[in-house]
1. Checking ALA65 against (1) touching a residue at least 12 places away in the same chain (Cβ under 8 Å); (2) more than 26 Å from VAL122 (Cα to Cα); (3) open to solvent by 50 Å² or more (accessible area, probe 1.4 Å), only one condition comes out false. Which one?
2. Within the range 122-145, work out how many residues are part of a helix (DSSP H, G or I) and either of a type in the set (Ser, Thr, Tyr) or at pLDDT 75 or above (or both).
3. From the list THR59, THR53, pick out the single residue that is surrounded by fewer than 16 Cβ atoms within 10 Å (Cβ to Cβ), assigned to a helix (DSSP H, G or I) and β-branched (Val, Ile, Thr).
4. Within the set of pairs 6 or more residues apart or between chains, which connect a residue that is modelled with pLDDT under 80 inside the range 44-60 to a residue that is among the charged types (D, E, K, R) with Cβ atoms less than 9 Å apart?
5. Hey, any hits in the range 31-40 for a residue that's out of contact with any strand residue (DSSP E or B) (no Cβ under 7 Å at 6 or more places or on another chain), at pLDDT 90 or above, open to solvent by 90 Å² or more (accessible area, probe 1.4 Å) and within 16 Å of GLY84 (Cβ to Cβ)?
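The values are calculated or read from the model by the stated rules, or taken from the named source; none is laboratory data. The shown structure was predicted, so the numbers you read here are calculated from the model rather than taken from an experiment. Here the Cβ positions follow ideal geometry from the backbone for every residue, glycine too, while neighbour counts run over all protein chains shown. Just the protein is used for accessible areas: all its heavy atoms, side chains included, with ligands, DNA and RNA removed. Shrake-Rupley method; radii C 1.70, N 1.55, O 1.52, S 1.80 Å.
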Amino acid sequence: MAAPRDPAPDIILFDLGNVLLDWQPLRLYRKLFETEDQARWFCTQVCTLDWHTAHDRGTPMADNAKGLIAAYPDYEAEIRAWSGRWLDMFEGYVPDMPELVDELVTRGVPFREAHHAVGRLVSSLVADGRDLAGVTPADLAAADERFEAGDVSLVDPVG
């Protein structure tokens, strides 16, 4: 007899950016700086993706911002905007991802696992310099064995 499954969690926490939602910090900083060059400089030199990774690992924004503000005191307001205006970094869904997650959940894959499977797929494609238009059954299988060959149509822009 199989062991009983744990009850469903009350909440699920997961990363949204560039897996389910189109996320680019530059969107916010284009609104805060006068020029594109200034916004790009800030995102590559001050509030970098390496710095942001600490948030994904659980470091509170206030704690993580302290060192950055100490290093760049003239940019305190812009650094704090990362937390205060983070919704300005998002713009819609990554194409086809909600449908793909829905399909996996319909098959009984818990949402968190479906989210991770889609994240592995997107990460693999990005690493290879490819987009969703070229997804193959082999790409899906490499991301998670629960994908089926026909799932390519879920991420095919014309499928």
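1. (3)
2. First, the residues of the range 122-145 that are part of a helix (DSSP H, G or I): 122-127, 132-134, 137-143.
Next, only the ones that are either of a type in the set (Ser, Thr, Tyr) or at pLDDT 75 or above (or both) stay: 123-124, 137-143.
Counting residues in the range 122-145 that are part of a helix (DSSP H, G or I) and either of a type in the set (Ser, Thr, Tyr) or at pLDDT 75 or above (or both) gives 9.
3. On the way: THR59 fails: assigned to a helix (DSSP H, G or I).
After ruling out the rest, the residue left standing is THR53.
4. Note: pairs meeting the criteria are ASP56/ASP15.
5. As a first pass, look at the range 31-40 and keep what is out of contact with any strand residue (DSSP E or B) (no Cβ under 7 Å at 6 or more places or on another chain): 31-40.
Still in the list and also at pLDDT 90 or above: 31-40.
Then drop every residue that is not open to solvent by 90 Å² or more (accessible area, probe 1.4 Å), which leaves 31, 34, 37, 40.
This time we only want the ones that are within 16 Å of GLY84 (Cβ to Cβ), so: 31.
Yes; the residues of the range 31-40 include at least one that is out of contact with any strand residue (DSSP E or B) (no Cβ under 7 Å at 6 or more places or on another chain), at pLDDT 90 or above, open to solvent by 90 Å² or more (accessible area, probe 1.4 Å) and within 16 Å of GLY84 (Cβ to Cβ).
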